[in-house]
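Read the structure below first, then the notes.
Every number here is computed from the coordinates shown, using simple stated rules; none is lab data. These numbers come from a predicted model, not from an experiment. Note: ideal-geometry Cβ built from the backbone for every residue, glycine included; neighbour counts use all protein chains shown.
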Amino acid sequence: MTTTSQQPPAPEPSEGRRRDEVGGGRRVALIVLAVVVVAAIAVVGWVFTAGPMSESASQSRDVESALEDMSASSSFAEFNSHLCAEQRVPQDLVDTITASGEQTGTDLDAMFRESITGSLPENMEVTGVEINSPDATATVESGDEDAPAEEVVMREEDGAWKVCDQGVGMGTVPETE
């Protein structure tokens, strides 16, 4: 004869114990949620104050873009427009030079492109930007290991960054002996 002994069913947890377990689970979930929210707020705060969406990061990108636009200039007038007021050739002189070239049949822009081609590094890379409003100093490298990095002084004029260095694109021109 086989006897099966049946175990009595486990007692149901008391109502108070169930509430404690559920309440404890909710507390843990709320703590985890609070930590996630605080971390998300911190990340968003960093992105807009010191990260890629910050004002300084935006200005750095604008400085780099201005230098790239300048190096891609296809005419003297376009190149001149990237220079700050004290370095820029007066517009009436640019117009006179352009008119002279048109009268003689000389393609001054082609001459400009040829002369500037070797002056501005083809693989120019901006490796750093230091903003001291309204000025900025951009560190530019040519990609040539033997060529030293060059610092280019820029100024924000009328909402755009302009190059304020003498001899920019032609190597560093010493200002004093």
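Couple of notes before you dig in:
- Among 92-105, 61-74, the order from most to least packed when residues are scored by Cβ within 10 Å on average: 61-74, 92-105
- The calculated FRET efficiency for Ala149 paired with Leu33, based on their beta-carbon distance and R0 = 41 Å, is about 0.25.
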